[in-house]
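One structure is given below, encoded as structure tokens.
The values are calculated or read from the model by the stated rules, or taken from the named source; none is laboratory data. All of these numbers come straight from a predicted model, not from anything done at the bench. We place every Cβ from the backbone using ideal geometry, glycine too, and count neighbours over all the protein chains shown.
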Amino acid sequence: MKGEVYMRYLPLAISFVFVACLCLTTAYAADAPLAAPAVAAPSGPTSQPQSNGSMKIYITSVNGLVQVRDGEGQPWRAAAVQMLISQGAELRTGPHSSVTCVIPPDQTFTLDRLGTVRVEQAARNGNKITTDLIMKYGRTHYDIQAAGLEHEASIISPSSTLAVRGTTVSLFDQPPFMPEAISFTGRAAFTYNRATVSVGRKNGAFAKALAGTSGAAETALNQTVVDPRYAPSLSSADQALLASEVARGAVLSYDPVANIPVVSGGRPQFDSELPAGLPGSLDLVLRWTGNADLALEVGLDKGDPLTNILNGFQQGEFLYPGYGYQNSPSGGHIPYADVGGPTGGEEIAYWSGAFPTGLYGIAAQSISGAATSFTFDVYANGSLVNEYYFASDGVTLIKSTQVTRTLQPGQNFAALVPVPAVPLLEGVVGDDPAGNPNPGINAGSFNANIQTALASIAGSSQTSARPAAQTVTAAPPVIHPIAAAPVAHFLPTKNGIRVNR
Amino acid sequence: MLRIRKHTVAAFVAGACALAALSAGCQSAHVAHSVVAKFPGDDADAQLSFWHELANHHLTSNDDAFHGILLDVDGHDRSANYAQRVATLKSRGMLNASFDEPADTAIERGTLATVVVKVLGIRGGWAMLVFGDTPRYALRELVYLGIFPPSSPQQTFSGAEFVGVIGKIDDSQISVAANVPSR
């Protein structure tokens, strides 16, 4: 019943609205004088639709020094509110100045301080409005409320173009700075150096794209500065690890090339300290005692460990301290690079929470410094796991839950670790003759002088732990092998596994 | 014999060219046409003509730069000539008391940086606190704040670059949000 009533009055209502619109359009089409009282922003003609052809533009706001001219070669004159300008007009502003113009019914643009813009085109053809603003330099904000009309609008500067369709945007292009496009709402296309990127998204929020980037995401990333040593930029596990390193006399810095926090000086954890200081559910630890810089490398062949051993180690994931290899897809993480010092160092790779089952490879690479004793430990859920490696004869496969060897300069050593343990392998492969576990690292692992220094560190306050770090001799610059190309020491060989290169 | 002579002459010419290039490289750039001399007034038309004419020039002179700074800071420049502009800036502590460069020398970024940090009241980081607002550290502070592009204190400004930097100074003084069209 209600529907019938509505339908009865619907044609009448439509006719009334049509006649009203026609009257308003006709009234607006008659050229009003520039400062006619009838022209009032924004509820006057500035909000009314325009007929086909060149569109009128109203200045609705003037701040500071603003001038306008009707075209190139014409004299400049002061801009004023409610002034009517047309296609071809040019505006310029001084310091601390701006001018806002409205192109009825739904476009607004603002030229900011120290800029110049020309309305190259402002025309309507049926339901389509084409607007081109040529900005020689400066910053222009553009707001289009897509009120049922099709818009093809752009702001063109000497080096970039911002194409706009129903959105609020801003284009800045002024030497000596890079052009930048901002979308406050909606999506715009930003073209620079023949490449076009989208800025913002439909119903989206603020997005800024700097010229030469791949878009707003890269711009935001480039402009984000987080000090990697700043505590909130680290996970709680990494914070605890670095605090532990500093407590043992290490000095914290950052390597911008390798892109990883760096610790130097300090000493490795002793065997007795290690279990309590582990950050993850799976931890692979490299510790060394000599004045050398060693790098921890971890490879992972996911799947059933026994099957992987029989098929040959196929490295799927790789971890290395820095150069983009400090994180792996399954969650493996190396929080810092330890460049060592007189009392050795320590590097840890760990997984938090669930970790992949598979065949893990752990390797130590000598980057610089003297020959040194080092130790591997792998903990899964807090328990030591057997590591498999070749004996000194290079043929006999042996196992131990803690591996201690000596690494010569420039050399490397690797072991394989099935996770979880493979009972068949544990029964077949014999223990390391040096013991299972091998002797690890404790206070007696260092020479007498260093033992004295360590004792003084242990017996003093945290601040007095610094002298050990201050005695660190800066190692000569070295090129990490990983910087040139990732090196995998867990490559398959014809006999299935090869753990020593 | 002829070959030796040719080589000798070539070496002499190359050396002379290198010497000329080196000696020319150590000289300050000079600006032939002063914009402030063309638009010296304080009225809106003169000011706007000054800024937008300057943007077309390849170099900014000390005279033009100081006129621009005074226009930006005060909204006017009552100084009749370059000496008065320099005196005005020195009296306000914006310009180093030992500054004595000619009006037509291209302004160096370091010199302008020392003026800008005073205009904006920038205290800077520890280096600027320790060593003072020298051209080097003033410039580095402004680069850090995004007001100057990455550059060295000895570089000069084109007119468009100078206008762009003045725009950045304005941005740092006025909230950008205020210029965004209201919604």
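When you scan segment A:125-147, how many residues do you find that are farther than 18 Å from A:Gly53 by Cα and assigned to a strand (DSSP E or B)?
Residues of segment A:125-147 that are farther than 18 Å from A:Gly53 by Cα, as a first pass: A:134-147.
Now narrow it down to the ones that are assigned to a strand (DSSP E or B): A:134-144.
Summing the residues that are farther than 18 Å from A:Gly53 by Cα and assigned to a strand (DSSP E or B) in segment A:125-147 gives 11.
Go over the candidates B:Gly159, B:Gly110 one by one and state the one that is within 21 Å of A:Lys136 (Cα to Cα) and either modelled with pLDDT of 90 or more or more than 14 Å from every other protein chain (Cβ to nearest Cβ) (or both). Lay out the reasoning, then the answer.
On the way: B:Gly110 fails: within 21 Å of A:Lys136 (Cα to Cα).
Selected residue: B:Gly159, the only one of B:Gly159, B:Gly110 that is within 21 Å of A:Lys136 (Cα to Cα) and either modelled with pLDDT of 90 or more or more than 14 Å from every other protein chain (Cβ to nearest Cβ) (or both).
Out of the residues in segment A:174-206 that are touching a Pro at 6+ places or on another chain (Cβ under 7 Å) and surrounded by fewer than 21 Cβ atoms within 10 Å (Cβ to Cβ), state the one that is farthest from the other protein chains (Cβ to nearest Cβ). Walk me through it before giving the result.
Filtering segment A:174-206 down to residues touching a Pro at 6+ places or on another chain (Cβ under 7 Å) leaves A:176-177, A:192.
Keeping just the survivors that are surrounded by fewer than 21 Cβ atoms within 10 Å (Cβ to Cβ) gives A:176-177.
Values: A:Pro176: 4, A:Phe177: 6 Å.
Looking at the filtered set, the residue picked out is A:Phe177.
Of all residues in segment A:61-71, which are under 24 Å from A:Pro95 (Cβ atoms) and either more than 10 Å from chain B (Cβ to nearest Cβ) or in contact with an Asp or Glu (Cβ under 8 Å, 6 or more places away or on another chain) (or both)?
The answer is A:Val62, A:Gln67, A:Val68, A:Arg69.
Identify, by number, the condition in (1) crowded, with 19+ Cβ neighbours inside 10 Å; (2) of a type outside the set (Gly, Ala, Ser); (3) at pLDDT 90 or above that A:Gln50 doesn't meet.
The number of the failed condition is (3).
Please find, among B:Asp171, B:Asp133, B:Asp100, the residue that is in the same structural domain as B:Ala46 (by TED's automatic domain parsing), acidic (Asp, Glu), part of a loop (DSSP other than H, G, I, E, B) and more than 23 Å from B:Ser34 (Cβ to Cβ). Write out each step before concluding.
Details: B:Asp171 fails: part of a loop (DSSP other than H, G, I, E, B); B:Asp100 fails: more than 23 Å from B:Ser34 (Cβ to Cβ).
On inspection, the qualifying residue turns out to be B:Asp133.
Just to be sure before I move on: is A:Ser214 part of a loop (DSSP other than H, G, I, E, B) and either without any contact (Cβ under 8 Å) to a residue 24 or more places away in the chain or aliphatic (A, V, I, L, M) (or both) in the structure I sent?
yes
Just to check your reading of the model, which residue among A:Val422, A:Val429 is in contact with a Lys or Arg (Cβ under 6 Å, 6 or more places away or on another chain) and aliphatic (A, V, I, L, M)?
A:Val429
Please state which of the following conditions B:Asp77 fails to meet, knowing it meets all the rest: (1) outside any loop (DSSP other than H, G, I, E, B); (2) in contact with a Leu (Cβ under 6 Å, 6 or more places away or on another chain).
(1)
Could you list, in sequence order, all residues of segment A:130-144 that are at the interface with chain B (Cβ under 9 Å from one of its Cβ atoms) and either exposed (fewer than 15 other Cβ atoms within 10 Å of the Cβ) or over 16 Å from B:His52 (Cβ atoms) (or both)? Write out each step before concluding.
The initial filter retains those residues of segment A:130-144 that are at the interface with chain B (Cβ under 9 Å from one of its Cβ atoms), namely A:136-139, A:141-143.
Once the filter is applied, which keeps residues that are at the interface with chain B (Cβ under 9 Å from one of its Cβ atoms) and either exposed (fewer than 15 other Cβ atoms within 10 Å of the Cβ) or over 16 Å from B:His52 (Cβ atoms) (or both), segment A:130-144 yields A:His141, A:Tyr142, A:Asp143.
Looking at (1) buried (at least 20 other Cβ atoms within 10 Å of the Cβ); (2) within 30 Å of B:Leu145 (Cβ to Cβ); (3) aromatic (Phe, Trp, Tyr), find the lone condition where A:Trp288 falls short.
Only one criterion in (1) buried (at least 20 other Cβ atoms within 10 Å of the Cβ); (2) within 30 Å of B:Leu145 (Cβ to Cβ); (3) aromatic (Phe, Trp, Tyr) is unmet by A:Trp288, namely (2).
Is it fair to say B:Ser23 is away from chain A (no Cβ under 14 Å), at pLDDT 85 or above and either over 30 Å from A:Arg69 (Cβ atoms) or surrounded by 14 or more Cβ atoms within 10 Å (Cβ to Cβ) (or both)?
For B:Ser23, the condition - away from chain A (no Cβ under 14 Å), at pLDDT 85 or above and either over 30 Å from A:Arg69 (Cβ atoms) or surrounded by 14 or more Cβ atoms within 10 Å (Cβ to Cβ) (or both) - is not met.
Of the conditions (1) within 10 Å of chain B (Cβ to nearest Cβ); (2) touching a strand residue (DSSP E or B) at 6+ places or on another chain (Cβ under 7 Å), A:His96 satisfies every one except a single condition; which number is it?
(2)
Among the residues of segment A:148-173 satisfying the criterion of being in a loop (DSSP other than H, G, I, E, B) and within 14 Å of chain B (Cβ to nearest Cβ), which is surrounded by the fewest Cβ atoms within 10 Å (Cβ to Cβ)?
The selected residue is A:Pro158.
Pick from segment A:366-386 the residues that are in contact with a helix residue (DSSP H, G or I) (Cβ under 9 Å, 6 or more places away or on another chain) and not in a strand (DSSP E or B): which of them is surrounded by the fewest Cβ atoms within 10 Å (Cβ to Cβ)?
Once the filter is applied, the top-ranked residue is A:Gly382.
Which of the residues that make up segment B:51-75 are more than 9 Å from chain A (Cβ to nearest Cβ) and within 13 Å of B:Ser34 (Cβ to Cβ)?
Result: B:Glu53, B:Leu54, B:His57, B:Leu59, B:Thr60, B:Ser61, B:Asn62, B:Asp63, B:Asp64, B:Ala65, B:Phe66, B:His67.
Tell me which residues, restricted to segment A:352-395, are farther than 28 Å from A:Ser264 by Cα, at pLDDT 90 or above and β-branched (Val, Ile, Thr).
The answer is A:Thr357, A:Val385.
A:Gln87 - would you say it is part of a loop (DSSP other than H, G, I, E, B), out of contact with any Lys or Arg (no Cβ under 6 Å at 6 or more places or on another chain) and more than 9 Å from chain B (Cβ to nearest Cβ)?
On the way: part of a loop (DSSP other than H, G, I, E, B): yes; out of contact with any Lys or Arg (no Cβ under 6 Å at 6 or more places or on another chain): yes; more than 9 Å from chain B (Cβ to nearest Cβ): yes.
In short, yes.
Residue by residue through segment B:38-50, note down the ones that are assigned to a helix (DSSP H, G or I) and more than 7 Å from chain A (Cβ to nearest Cβ). Step through it out loud before you land on a result.
Pass one, segment B:38-50, residues assigned to a helix (DSSP H, G or I): B:38, B:44-50.
Result: B:Lys38, B:Ala46, B:Ser49, B:Phe50.
Give all pairs with beta carbons closer than 9 Å in which a residue from segment B:89-101 that is exposed (fewer than 10 other Cβ atoms within 10 Å of the Cβ) meets a residue that is β-branched (Val, Ile, Thr); count only pairs at least 6 apart in sequence or on separate chains.
Qualifying pairs under 9 Å: B:Asp100/B:Val86.
Based on this model, can you work out whether A:Val419 counts as of a type outside the set (Phe, Trp, Tyr), assigned by TED's automatic domain parsing to the domain that holds A:Gln314 and touching a helix residue (DSSP H, G or I) at 6+ places or on another chain (Cβ under 7 Å)?
It is true that A:Val419 is of a type outside the set (Phe, Trp, Tyr), assigned by TED's automatic domain parsing to the domain that holds A:Gln314 and touching a helix residue (DSSP H, G or I) at 6+ places or on another chain (Cβ under 7 Å).
For segment A:111-129, which residues satisfy the criterion of being surrounded by 24 or more Cβ atoms within 10 Å (Cβ to Cβ) and within 10 Å of another protein chain (Cβ to nearest Cβ)?
Passing the criteria: A:Leu111, A:Asp112, A:Arg113, A:Leu114, A:Gly115.
Which ones in segment A:90-102 are over 38 Å from the mean Cα position of the chain (by Cα) and surrounded by fewer than 22 Cβ atoms within 10 Å (Cβ to Cβ)?
Of everything in segment A:90-102, just one residue is over 38 Å from the mean Cα position of the chain (by Cα) and surrounded by fewer than 22 Cβ atoms within 10 Å (Cβ to Cβ), namely A:Glu90.
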